[in-house]
Amino acid sequence: MLSIQPFRIYFVIFFLIGFFGCRNIRVQHDNQPISDREVHFLDVNEKAYSYFCAGYFAMLERDWETAVLYFEKALHWDNSAERIIQHVATCYFQLGKHEKAIYYMRKLAASKPDEFVVRYTLGTLYETVGRTREAIEEYEYARRCKTTKLDDIFLADVLYRLANLYINEGMMEKGIGCYQSMFDRKLVSEPVKIYYEIGKKYFEKNDIRKALEYFLKAKQADPNLSFTSFYLTLCYDMLKDYDNAIKEALIFLRKEPNSWAMHLALSEIYEKTRNEPGHHEEIRKTQEILKKNVEAGSRNPQEYFLLCQMYKKQGKLDDAVSVIESMKLISLDRETMRDAHFLLANLYYELLQFNRVEEELKKTLKIDSEFHEANNFLGYLYVENNRNLDEAIRLINKALKVQPKNGAYLDSLGWAYYKKAQQEGRDDYLITAHKILSEAIQRMEEPDIYDHLGEVCYSLGQWDEAVKAWEKARAFYSQMPNQETKRGNIEAKLEKIKKLLSAEEKSSKVMQKRNKVEKSIQPQIFLKHD
């Protein structure tokens, strides 16, 4: 993919600035620095110079720790020497001690305030440590400094970096102004790259019409730039100009026929335009390319995840599992490996392989113990299997600390307390479960939560409330595909409880009638008079 990158000007620029040699360097030929005793007799300037040369040779060996030690000794004897300050800053940068590097560069800037390369380097340091405001100030200062033709490549980098900082801070016009300045100063030979970059920035900020404007400029500047068509497709799609979106997608695919990303984008456009044959054909091509890449050992996790998703949607769960299992064999960062284990847990759950579910969830939490989705999932798995209920409650509460208003997590916790109530015969747990599930319903109306609430109400003897909850659950399940089994279970519960309510009502009427009859046939008691 075409993308403009910063010029990657390393901080060793100052290291290079000092490379016009050392005059008559008085050090040992084995590159070992002369001792303090040997330099004791020298005057102040010679002492500073000797330490400088020792530091210089340590830099040649990339021994930054030793170099900075000697340079600071040199500064002790000559604390205003610009070249020594430059090299001290370089060493601290190489050691990753950026704040120390900034300290010395600020000293240099105080003595040479209008030196372009000093301001440029200080801006780069500020950007490295995330001090955006100071970086912008230094880059702005640098662009106002007097420069020579030799500085043009660095000036172009200043303007490029400054443009990105402004844009990331939401100041698009200032950012575009920096790009325009690159044009005006003739610092770029290929304007298409700048147009393309501006278009990407507008696209990332979701200003699609402006993005389209600059991508069209890029295409006009270089019609052969294929990735311009890629972004034009996305822009036209988002603006619902589907004819032009399809046109640009086909232009791109003629040059990049194995781009699964574009085949996938085109499939979605065909779906929106109700072109079912086109939609299915592009899905087929996408899957074919992904499968080929994965089988060839692709290093791109996104390809594995997407192919897995496609298999899952087709009901090919075993194939989906196989894809993610194979992805675990390539080098992955911790977050991606965590997501792979979590996805496997979900797939094994659908395959009813609950031992594998637990295994994958534990691996997920070993990588990231604060991953709230996995904490809730494992907790709920324990609850559903009526085991480790105390551990389940601990895990679910951990998830709720991250998302205290998550209805699904509240449902898990309420259901856990219901199961504990069933195991231990504790009515107080039932009351807790009722309270938590009632809150869950307020957060998320889902049939499973209504089902659970119905069970709790039933156990508490609140049969009318149980009926209301189960009828709500049945209504939701009736509107959902492939939920016939759950709907059937709810209907069985409703039938049972309605029979109980009917029997209770009949029993109550019989008792009322009996009491009425008994009162009517009571013998009269006459009082005996004297």
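Out of curiosity, is Asn258 in a helix (DSSP H, G or I) and surrounded by fewer than 19 Cβ atoms within 10 Å (Cβ to Cβ)? Break it down stepwise before answering.
Values: in a helix (DSSP H, G or I): no; surrounded by fewer than 19 Cβ atoms within 10 Å (Cβ to Cβ): yes.
In short, no.
Tell me whether the range 186-197 contains one or more residues that are part of a helix (DSSP H, G or I), of a type in the set (S, T, N, Q) and either modelled with pLDDT of 95 or more or out of contact with any Gly (no Cβ under 8 Å at 6 or more places or on another chain) (or both). Break it down stepwise before answering.
Going residue by residue through the range 186-197, those that are part of a helix (DSSP H, G or I) are 191-197.
Pick out the ones that are also of a type in the set (S, T, N, Q) and you get none.
No - not one qualifying residue is present in the range 186-197.
For the range 87-97, which residues satisfy the criterion of being crowded, with 19+ Cβ neighbours inside 10 Å and not small (Gly, Ala, Ser)?
His87, Val88, Thr90, Cys91, Tyr92, Phe93, Gln94
With the requirement that a residue be within 16 Å of Thr124 (Cβ to Cβ) and open to solvent by 40 Å² or more (accessible area, probe 1.4 Å), what does the range 148-167 give you?
Within the range 148-167, Ile153, Phe154 qualify.
Only one of these is open to solvent by less than 70 Å² (accessible area, probe 1.4 Å), in a helix (DSSP H, G or I) and over 21 Å from Tyr311 (Cβ atoms): Leu253, Leu264. Name it.
Step by step, each of Leu253, Leu264 is checked, and only Leu253 is open to solvent by less than 70 Å² (accessible area, probe 1.4 Å), in a helix (DSSP H, G or I) and over 21 Å from Tyr311 (Cβ atoms).
Could you grab me the full set of residues in the range 73-105 that are of a type in the set (Lys, Arg) and assigned to a helix (DSSP H, G or I)?
Passing the criteria: Lys73, Arg83, Lys100.
Among residues belonging to the range 116-131 that are in a loop (DSSP other than H, G, I, E, B) and either open to solvent by less than 70 Å² (accessible area, probe 1.4 Å) or touching a residue at least 60 places away in the same chain (Cβ under 8 Å) (or both), point out the one that is farthest from Thr90 (Cα to Cα).
Here the residue is Gly130.
Of the residues Lys247, Lys205, which is of a type in the set (Lys, Arg), open to solvent by 70 Å² or more (accessible area, probe 1.4 Å), farther than 21 Å from Asp152 by Cβ and touching a residue at least 24 places away in the same chain (Cβ under 8 Å)?
Details: Lys247 fails: touching a residue at least 24 places away in the same chain (Cβ under 8 Å).
Just one listed residue meets the conditions, Lys205.
I'd like the residue in the range 418-457 that is within 15 Å of Val383 (Cα to Cα) and open to solvent by 50 Å² or more (accessible area, probe 1.4 Å) and, out of all such residues, is farthest from the chain's Cα centre (by Cα).
The extreme case among them is Glu424.
Among the residues of the range 356-392, write down those that are farther than 26 Å from Glu455 by Cβ and of a type outside the set (A, V, I, L, M, F, W, C).
Arg356, Glu359, Glu360, Lys362, Lys363, Thr364, Lys366, Asp368, Ser369, Glu370
Before we move on, is Lys240 in a helix (DSSP H, G or I), open to solvent by 50 Å² or more (accessible area, probe 1.4 Å), at pLDDT 95 or above and over 30 Å from Glu169 (Cβ atoms)?
Details: in a helix (DSSP H, G or I): no; open to solvent by 50 Å² or more (accessible area, probe 1.4 Å): yes; at pLDDT 95 or above: yes; over 30 Å from Glu169 (Cβ atoms): yes.
In short, no.
Filtering the range 362-405 down to residues that are of a type outside the set (A, V, I, L, M, F, W, C) and in contact with a Ser or Thr (Cβ under 9 Å, 6 or more places away or on another chain), which residue is farthest from Glu424 (Cα to Cα)?
Selected residue: Glu373.
Which of (1) of a type outside the set (Asp, Glu); (2) farther than 24 Å from Lys420 by Cα; (3) out of contact with any Lys or Arg (no Cβ under 8 Å at 6 or more places or on another chain); (4) crowded, with 18+ Cβ neighbours inside 10 Å is the odd one out, the single condition Lys498 does not satisfy?
(4)
Pull out all pairs, ordered by first then second residue, where Cβ-Cβ is under 7 Å, the residues are six or more apart or on different chains, the first lies in the range 347-367 and is within 17 Å of Ala399 (Cβ to Cβ), and the second is open to solvent by 40 Å² or more (accessible area, probe 1.4 Å) and among the hydroxyl-bearing types (Ser, Thr, Tyr).
Once the first residue is within 17 Å of Ala399 (Cβ to Cβ) and sits in the range 347-367, its partners that are open to solvent by 40 Å² or more (accessible area, probe 1.4 Å) and among the hydroxyl-bearing types (Ser, Thr, Tyr) give Val357/Tyr349.
Please verify whether Tyr141 is aromatic (Phe, Trp, Tyr), in contact with a Lys or Arg (Cβ under 6 Å, 6 or more places away or on another chain) and either open to solvent by 60 Å² or more (accessible area, probe 1.4 Å) or at negative phi (or both), treating the condition exactly as stated.
Considered against the rule, which asks whether it is aromatic (Phe, Trp, Tyr), in contact with a Lys or Arg (Cβ under 6 Å, 6 or more places away or on another chain) and either open to solvent by 60 Å² or more (accessible area, probe 1.4 Å) or at negative phi (or both), Tyr141 comes out as yes.
Lys312: closer than 20 Å to Tyr349 by Cβ, without any contact (Cβ under 8 Å) to a residue 40 or more places away in the chain and out of contact with any helix residue (DSSP H, G or I) (no Cβ under 7 Å at 6 or more places or on another chain), yes or no?
So Lys312 does not fit the description; no.
List pairs: first residue in the range 376-401 and within 12 Å of Ser412 (Cβ to Cβ) and part of a helix (DSSP H, G or I), second residue open to solvent by 70 Å² or more (accessible area, probe 1.4 Å) and not hydrophobic (A, V, I, L, M, F, W, C) anywhere in the structure, Cβ distance under 6 angstrom, at least six positions apart or on different chains.
Pairs found: Tyr382/Asn388.
Just a yes or no: is a residue in the range 231-248 hydroxyl-bearing (Ser, Thr, Tyr) and more than 29 Å from the chain's Cα centre (by Cα)?
Within the range 231-248, one or more residues are hydroxyl-bearing (Ser, Thr, Tyr) and more than 29 Å from the chain's Cα centre (by Cα).
Scan the range 132-173 residue by residue and report those that are part of a helix (DSSP H, G or I), charged (D, E, K, R) and over 23 Å from Asp114 (Cβ atoms).
Answer for the range 132-173, where residues must be part of a helix (DSSP H, G or I), charged (D, E, K, R) and over 23 Å from Asp114 (Cβ atoms): just Glu173.
Given the conditions (1) touching a residue at least 60 places away in the same chain (Cβ under 8 Å); (2) surrounded by 18 or more Cβ atoms within 10 Å (Cβ to Cβ), which single one is not true for Arg83?
(2)
Does Tyr214 count as hydroxyl-bearing (Ser, Thr, Tyr), in a helix (DSSP H, G or I), over 19 Å from Ala265 (Cβ atoms) and open to solvent by 50 Å² or more (accessible area, probe 1.4 Å)?
No.
The values are calculated or read from the model by the stated rules, or taken from the named source; none is laboratory data. None of the values given here were measured: they were computed from a predicted structure. Note that each Cβ is placed from the backbone with ideal geometry, even for glycine, and that neighbours are counted across all protein chains shown. Remember, those area values only see protein heavy atoms, side chains included, never the ligands or the DNA or RNA. Shrake-Rupley method; radii C 1.70, N 1.55, O 1.52, S 1.80 Å.
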